[in-house]
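Student: A single structure is presented below for examination.
The values are calculated or read from the model by the stated rules, or taken from the named source; none is laboratory data. This one's a predicted model, so the numbers in the text were calculated from it and none came from an experiment. Note: ideal-geometry Cβ built from the backbone for every residue, glycine included; neighbour counts use all protein chains shown. Calculation scope for accessible area: heavy atoms of the full protein, side chains included, ligands and nucleic acids excluded. Shrake-Rupley method; radii C 1.70, N 1.55, O 1.52, S 1.80 Å.
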Amino acid sequence: MLRIDSPDALERIRKEILSRRDPDHPCISVCAGTGCLASGAKDVMDAFEAEIAKQGLKAKVNVKGTGCPGFCERGPIVVIYPEEICYLQVKPEDVYEIVSETIKGKRVVERLLYVDPTTGQRAVRESDIPFYKNQVRHIIGNNIKIDPKDIDDYLALGGYSALAKALFQMTPEQVLEEVKRSNLRGRGGGGFPAGRKWEESRHAKNDIKYVIVNADEGDPGAFMDRAILEGNPHSILEGLIIGGYAIGSHEGYIYVRQEYPLAVENVLIAIKQAETYGLLGRDILGSGFDFSVKVHRGAGAFVSGESSALMTAIEGKVGEPRPKYIHTAVKGLWDRPSVLNNVETWANVPLIINKGAEWFCQLGVDGSKGTKIFSLVGKINNTGLVEVPMGITLREIIYKIGGGIPGGKRFKAVQTGGPSGGCIPERLLDLKVDFDELTKVGSMMGSGGMIVMDEDTCMVDVARYFLNFLSDESCGKCVPCREGIRQMLKILTNISKGKGREGDIELLEELSETAKVASLCALGKTAPNPVLSTIRYFKDEYEAHIREKRCPAYFCKELVSYYIDPEKCQACMICLRKCPAGAIDGGKNRIHVIDQEKCTRCKTCFEVCPPRFGAVRRISGEAVPPPIPEERRVIVRKSKRDE
């Protein structure tokens with residue numbers, strides 16, 4: 001690599017890279033994100049390398065491991081360029097056929113294509129798959145095209161041109177003004193306008209300032225930041241350098257979870273490559289601007305995602321929040337002005353500088369501009385990362401992109417905003433997804449977690465689950481959070497076990513209000529959201545648990561019992577064999593009976609009983625029918641002649 005010392009040199013390097021790349025040259029892109037690697041993507045890549053060599057195609061075909069394209073439900077994903085043929089759930093044994101048929105024979109392997117479950121139609125191109133077709137992927141769209149360990153891939157797509165524009169065509173004030181005009185709001189949870197935060201730091205009186213990437217992504221089911229860090233780390237570095245230039249900072253930090261080893265690896269490689277090219281370090285592009293980046297690995301505490309706690313952790317102390325009488329933008333890391341934004345926010349900056357605030361504002365609604373990445377998980381057909389314009393409805397995300405609820409089940413709720421978010425019911429499916437609308441209904445945007453729930457979900461248990469998570473993750477520094485969450489969790493646990501009492505709902509609401517007002521940081525202030533939103537929209541479920549000792553979703557073990565209907569039992573002995581507790585008595589031609597004292601309510605019998613029989617019944621809030629007398633347990637089967 002040669003050091004690039006001017007914008008002209010950057011463009012020459014870019015042209016040289018492109019001149020060595022034939023757009024018609026076949027390229028096999030294999031998703032090498034964490035999700036696909038866990039599904040065997042490394043074996044698939046190795047198989048492609050071996051098969052390409054075996055068939056004498058090394059000089060004619062490229063194979064590259066790329067970032068996550070989002071459709072995690074169907075990984076490992078392989079996209080073949082230039083045709084953009086997309087194969088899903090590829091296995092090593094499929095590789096010979098792909099190379100022989102698609103690369104050499106120019107024929108599509110139909111069995112590896114996406115098949116629409118409703119119409120049965122196949123989609124050949126990635127962009128034809130409904131999951132992708134209904135998205136607008138400004139941030140993660142290039143993931144499948146870039147080898148994150150090769151800076152040349154990023155440069156070939158125009159990488160670092162925004163940095164050159166900022167350093168040589170704009171003053172720091174103009175960069176700041178462009179970000180302000182875009183109304184870019186922080187994608188990490190709070191939704192605070194990035195430009196206002198930058199401006200506050202720029203005007204703060206201190207010669208040393210910092211810009212920081214918050215990659216401490218700890219929400220259950222969320223992996224948006226990880227996918228960008230793993231798949232396109234240079235987009236974050238470029239945004240961070242531009243932010244440093246805008247506020248007068250010469251030092252940046254990337255705070256990333258220790259649990260993200262691939263993200264750390266790719267970011268460290270990206271930093272080294274950018275330094276070698278002269279895009280990071282001293283005198284960047286010959287501009288006279290110096291900027292360096294350090295990576296700090298967090299210990300995995302959820303609370304360290306809070307701004308002051310994160311900065312305390314970088315300082316080498318316990319990651320605990322501190323009172324912010326003065327904003328961290330003015331007095332943050334080592335008591336110096338510090339701008340903290342999350343991964344997705346920084347990745348938007350190069351796009352805004354290159355294409356302008358007006359372009360960015362074309363998407364979205366008033367108060368919420370641009371796109372947002374969500375991790376769409378839970379009881380939904382198409383799980384993965386989705387990037388959509390602000391203002392899209394929940395219904396469009398869940399049904400057009402997510403493909404609806406599996407098994408023909410009914411949609412019940414969607415939880416947005418991570419463990420501190422709220423649960424939104426079916427009647428609000430047409431709600432527009434933006435910062436303000438989600439807050440109005442008792443939820444929040446958060447970092448972008450979106451968990452879909454079906455009719456089998458108990459909303460009391462959902463609130464209990466998230467409070468259990470937050471109780472473990474609370475740093476314990478302030479009483480309203482530490483004790484408030486603990487007491488709410490205790491009440492919810494009792495309710496789910498059938499030990500709830502009249503007045504529990506009102507007590508939960510009272511504790512919630514106290515935690516919201518008096519907690520030190522956002523963890524405690526937003527912790528009541530799962531409780532308050534489920535009470536607000538599913539109060540009848542709380543009342544059923546408390547007054548009738550009944551779980552309407554048949555989920556809470558202590559409130560659900562199973563018995564075998566003697567009229568439908570076929571004595572097939574499937575449930576008897578599968579019962580892990582040995583609680584079922586029966587035999588050939590003998591109606592089975594569940595011993596209620598031995599039964600652990602694991603639901604195995606209910607799940608394994610053939611649907612055509614439907615003999616195992618579940619009840620909640622009702623008495624189990626008495627066992628039938630021994631003499632009536634013999635099944636008299638009809639012969640085929642009698643039938």
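Student: For region 355-382, which positions are of a type in the set (Lys, Arg) and touching a strand residue (DSSP E or B) at 6+ places or on another chain (Cβ under 8 Å)?
Tutor: Result: 369, 372, 379.
Student: For region 237-253, which positions are in contact with a Pro (Cβ under 9 Å, 6 or more places away or on another chain) and either within 22 Å of residue 8 (Cα to Cα) or outside any loop (DSSP other than H, G, I, E, B) (or both)?
Tutor: 238, 239, 242, 245, 246, 247 - these are the residues of region 237-253 that are in contact with a Pro (Cβ under 9 Å, 6 or more places away or on another chain) and either within 22 Å of residue 8 (Cα to Cα) or outside any loop (DSSP other than H, G, I, E, B) (or both).
Student: Regarding region 74-92, can at least one residue be identified that is farther than 29 Å from residue 260 by Cβ, touching a residue at least 60 places away in the same chain (Cβ under 8 Å) and touching an Asp or Glu at 6+ places or on another chain (Cβ under 9 Å)?
Tutor: No.
Student: Being in contact with a helix residue (DSSP H, G or I) (Cβ under 9 Å, 6 or more places away or on another chain), in contact (Cβ under 8 Å) with a residue 24 or more places away in the chain and surrounded by fewer than 23 Cβ atoms within 10 Å (Cβ to Cβ): is that true of residue 391 here?
Tutor: Values: in contact with a helix residue (DSSP H, G or I) (Cβ under 9 Å, 6 or more places away or on another chain): yes; in contact (Cβ under 8 Å) with a residue 24 or more places away in the chain: yes; surrounded by fewer than 23 Cβ atoms within 10 Å (Cβ to Cβ): yes.
Spelling it out, residue 391 is indeed in contact with a helix residue (DSSP H, G or I) (Cβ under 9 Å, 6 or more places away or on another chain), in contact (Cβ under 8 Å) with a residue 24 or more places away in the chain and surrounded by fewer than 23 Cβ atoms within 10 Å (Cβ to Cβ).
Student: Being farther than 15 Å from residue 573 by Cα, at pLDDT 85 or above and open to solvent by less than 40 Å² (accessible area, probe 1.4 Å) is the filter here, so list the residues in region 604-643 that pass it.
Tutor: 619, 620
Student: I'm trying to understand the selection: among the residues of region 287-312, which are more than 20 Å from residue 271 (Cβ to Cβ) and outside any loop (DSSP other than H, G, I, E, B)?
Tutor: First, pick out the residues of region 287-312 that are more than 20 Å from residue 271 (Cβ to Cβ): 288, 299-309, 311-312.
Of everything in region 287-312, those that are more than 20 Å from residue 271 (Cβ to Cβ) and outside any loop (DSSP other than H, G, I, E, B) turn out to be 302, 303, 304, 305, 307, 308, 309, 311, 312.
Student: Hey, among 211, 136, which residue is in a loop (DSSP other than H, G, I, E, B) and among the aliphatic types (A, V, I, L, M)? Talk me through it step by step, then tell me what you get.
Tutor: Details: 211 fails: in a loop (DSSP other than H, G, I, E, B).
Testing whether each residue is in a loop (DSSP other than H, G, I, E, B) and among the aliphatic types (A, V, I, L, M) leaves just 136.
Table: residues versus (1) within 19 Å of residue 166 (Cα to Cα); (2) open to solvent by 10 Å² or more (accessible area, probe 1.4 Å).
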residue	(1), (2)
345	yes, no
351	yes, yes
355	yes, yes
365	no, yes
369	no, yes
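Student: How many of the residues in region 12-37 are part of a helix (DSSP H, G or I) and free of Cβ contacts under 8 Å to residues at least 24 places away in the same chain?
Tutor: Adding up the residues that qualify gives 4.
Student: When you scan region 200-242, how many residues do you find that are open to solvent by 20 Å² or more (accessible area, probe 1.4 Å), of a type in the set (Asp, Glu) and in contact with a strand residue (DSSP E or B) (Cβ under 8 Å, 6 or more places away or on another chain)?
Tutor: Looking only at that region, the number is 1.
Student: Across region 512-567, what is the total count of residues that are under 20 Å from residue 426 (Cα atoms) and either of a type outside the set (Phe, Trp, Tyr) or in contact with a Leu (Cβ under 7 Å, 6 or more places away or on another chain) (or both)?
Tutor: 16
Student: In addition: Quick one: in region 9-33, of everything that is surrounded by 22 or more Cβ atoms within 10 Å (Cβ to Cβ) and not aliphatic (A, V, I, L, M), which residue is farthest from residue 262 (Cα to Cα)?
Tutor: 29
Student: Only residues that are open to solvent by 30 Å² or more (accessible area, probe 1.4 Å) and either among the hydroxyl-bearing types (Ser, Thr, Tyr) or closer than 28 Å to residue 545 by Cα (or both): list them for region 580-603, please.
Tutor: Passing the criteria: 580, 581, 593, 595, 596, 597, 598, 600, 601, 602, 603.
Student: Among 534, 493, which is the only one that is outside any strand (DSSP E or B), at pLDDT 95 or above and crowded, with 23+ Cβ neighbours inside 10 Å?
Tutor: Unique residue meeting the criteria: 534.
Student: Hey, which of the strands (runs of 3 or more DSSP E) in region 537-619, taking only ones fully inside, have at least 1 residues that are over 30 Å from residue 500 (Cα atoms) and either free of Cβ contacts under 8 Å to residues at least 60 places away in the same chain or over 32 Å from the mean Cα position of the chain (by Cα) (or both)?
Tutor: On the way: elements: 560-564, 584-587, 590-594.
Strands (runs of 3 or more DSSP E) meeting the threshold: 584-587, 590-594.
Student: Could you list, in sequence order, all residues of region 383-428 that are in a helix (DSSP H, G or I), out of contact with any strand residue (DSSP E or B) (no Cβ under 9 Å at 6 or more places or on another chain) and within 13 Å of residue 130 (Cα to Cα)?
Tutor: 400
Student: If you check 280, 310, 333, which single one turns out to be in contact with a Gly (Cβ under 8 Å, 6 or more places away or on another chain), at pLDDT 90 or above and either within 18 Å of residue 210 (Cα to Cα) or aliphatic (A, V, I, L, M) (or both)?
Tutor: On inspection, the qualifying residue turns out to be 310.
Student: Taking the stated definitions as given, is residue 488 in contact with a helix residue (DSSP H, G or I) (Cβ under 8 Å, 6 or more places away or on another chain), open to solvent by less than 10 Å² (accessible area, probe 1.4 Å), over 16 Å from residue 521 (Cα atoms) and in a loop (DSSP other than H, G, I, E, B)?
Tutor: No; evaluated as a whole, the condition is false for this residue.
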